[in-house]
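Novice: Can you read through this structure? Questions will come right after.
The values are calculated or read from the model by the stated rules, or taken from the named source; none is laboratory data. For clarity, every value in this text was computed on a predicted model and none was experimentally measured. All Cβ positions, even for glycine, are placed from backbone atoms using ideal geometry, and neighbour counts span all protein chains on display. For the accessible areas, the whole protein counts, side chains as well, though only heavy atoms, and no ligand, DNA or RNA atoms are used. Shrake-Rupley method; radii C 1.70, N 1.55, O 1.52, S 1.80 Å.
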Amino acid sequence: MFQKQIYIALILFIFFPSLTYAKVSVDDSGLEHGIIRIKNDEQTDKPLRLLVEANDQKEVYYLIKQNEFEDFALTFGNGHYTLSIYRPIEDSKYLRIFNVVLNLSVADERSIYLNATQEIAFEENDFTIKHTKKLIDGSKTDYEKFIKIYEDVLHSYSYDYEKIATLKPTYIPKIDAIFYAETGICYDFSALFAAMSRSVGIPTKLVKGTSNLVSAYHSWNEVYLDGQWHIVDLTFDIGRYKSKRAFSIFKNVSDYFKELQF
């Protein structure tokens with residue numbers, strides 16, 4: 001569980017004409033897989049905002065890093081995407097410093113959910129990923145890999161009830177930090193599970209929204225197995241497992257209300 005206002009509140013932008021001097025670079029070499037890379041070379045005290053719009057949907061991201069590319073998944077379906085970057089100038093006002101329109105045409109949308117992104121950052125040399133490769137050794141199917149990863153997270157982690165109170169708006173889970181701590185919130189568990197699963201070729205989404213099973217704004221996963229997407233909620237399952245109560249691995253679609261997916 002986590003606070004909705006921290007993670008997905010859409011900013012009310014004050015629009016200004018695009019400026020040509022913005023120190024922003026866009027790399028579209030991963031566009032065929034639904035990935036766009038953005039680098040901010042501006043020196044700013046506060047992080048820039050990235051607004052992604054397509055097909056009557058939009059989402060706002062922070063550009064956390066400077067002088068380094070960050071990867072973002074375009075998850076609103078095929079079509080024209082408008083990417084705008086804004087610099088905070090005062091209170092709730094933002095200056096648009098960059099704007100570009102791209103066309104997304106992905107043959108298989110599942111390929112989007114195999115990549116490392118800002119929300120689900122991982123590299124082959126991460127200890128978590130090396131652990132995952134050993135964990136699934138000998139598995140012959142995606143389902144066998146999935147079960148080993150799922151049970152590893154289920155049995156190894158516990159919920160951190162104090163963490164949410166200290167989080168900053170720019171918080172992004174760090175996979176190895178979560179792995180070593182063996183605690184976290186729903187955002188952590190869903191990012192960890194997605195990274196582990198993607199690293200071994202299982203298409204996996206990180207989803208944010210609400211659920212009948214959880215009282216607060218929430219994060220969970222969808223995993224592609226046997227030709228269909230299944231809802232997996234490790235945060236809920238860890239709680240049930242720790243308290244020795246019954247639960248099912250795959251959740252009912254009617255209990256989950258998706259707002260965003262990454």
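Novice: Just one of Leu83, Leu63, Leu48 is of a type outside the set (Asp, Glu) and under 17 Å from Leu104 (Cβ atoms); which is it?
Specialist: Leu83
Novice: Quick one: Ile149 ticks every box in (1) surrounded by fewer than 20 Cβ atoms within 10 Å (Cβ to Cβ); (2) under 21 Å from the mean Cα position of the chain (by Cα); (3) at pLDDT 95 or above; (4) outside any loop (DSSP other than H, G, I, E, B) except a single one, so which number is it?
Specialist: Result: Ile149 fails condition (1) only.
Novice: Consider segment 152-165. How many of its residues are outside any helix (DSSP H, G or I) and either without any contact (Cβ under 8 Å) to a residue 24 or more places away in the chain or over 22 Å from Ile238 (Cα atoms) (or both)? Let's see the steps before the verdict.
Specialist: First, the residues of segment 152-165 that are outside any helix (DSSP H, G or I): 157-162.
The next check asks that each one be either without any contact (Cβ under 8 Å) to a residue 24 or more places away in the chain or over 22 Å from Ile238 (Cα atoms) (or both); those that pass are 161-162.
Going through segment 152-165 one residue at a time, the tally reaches 2.
Novice: Looking at Ser211, Ser254, can you tell me which residue is of a type in the set (S, T, N, Q) and either open to solvent by 60 Å² or more (accessible area, probe 1.4 Å) or closer than 23 Å to Ile129 by Cβ (or both)? I'd like the intermediate steps shown before the answer.
Specialist: On the way: Ser211 fails: either open to solvent by 60 Å² or more (accessible area, probe 1.4 Å) or closer than 23 Å to Ile129 by Cβ (or both).
Ser254 is the lone residue from the list that is of a type in the set (S, T, N, Q) and either open to solvent by 60 Å² or more (accessible area, probe 1.4 Å) or closer than 23 Å to Ile129 by Cβ (or both).
Novice: Just for segment 224-238: of the residues that are assigned to a strand (DSSP E or B) and touching a Phe, Trp or Tyr at 6+ places or on another chain (Cβ under 6 Å), which one is most open to solvent (accessible area, probe 1.4 Å)?
Specialist: His230
Novice: Here's a follow-up. Which of the following residues is farther than 30 Å from Arg49 by Cβ and either among the acidic types (Asp, Glu) or open to solvent by less than 10 Å² (accessible area, probe 1.4 Å) (or both): Ile175, Ile136, Ile202? I'd like the intermediate steps shown before the answer.
Specialist: Working: Ile175 fails: farther than 30 Å from Arg49 by Cβ; Ile136 fails: either among the acidic types (Asp, Glu) or open to solvent by less than 10 Å² (accessible area, probe 1.4 Å) (or both).
Residue meeting the stated conditions: Ile202.
Novice: For segment 31-142, give me every one of the strands (runs of 3 or more DSSP E) that falls completely inside it and has 2 or more residues that are under 15 Å from the mean Cα position of the chain (by Cα).
Specialist: Strands (runs of 3 or more DSSP E) meeting the threshold: 35-40, 48-54, 57-63, 69-73.
Novice: Out of all the residues in segment 198-232, which are touching an Asp or Glu at 6+ places or on another chain (Cβ under 9 Å) and of a type in the set (Gly, Ala, Ser)?
Specialist: Ser199, Gly201, Gly209, Ser211, Ser219, listed by residue number.
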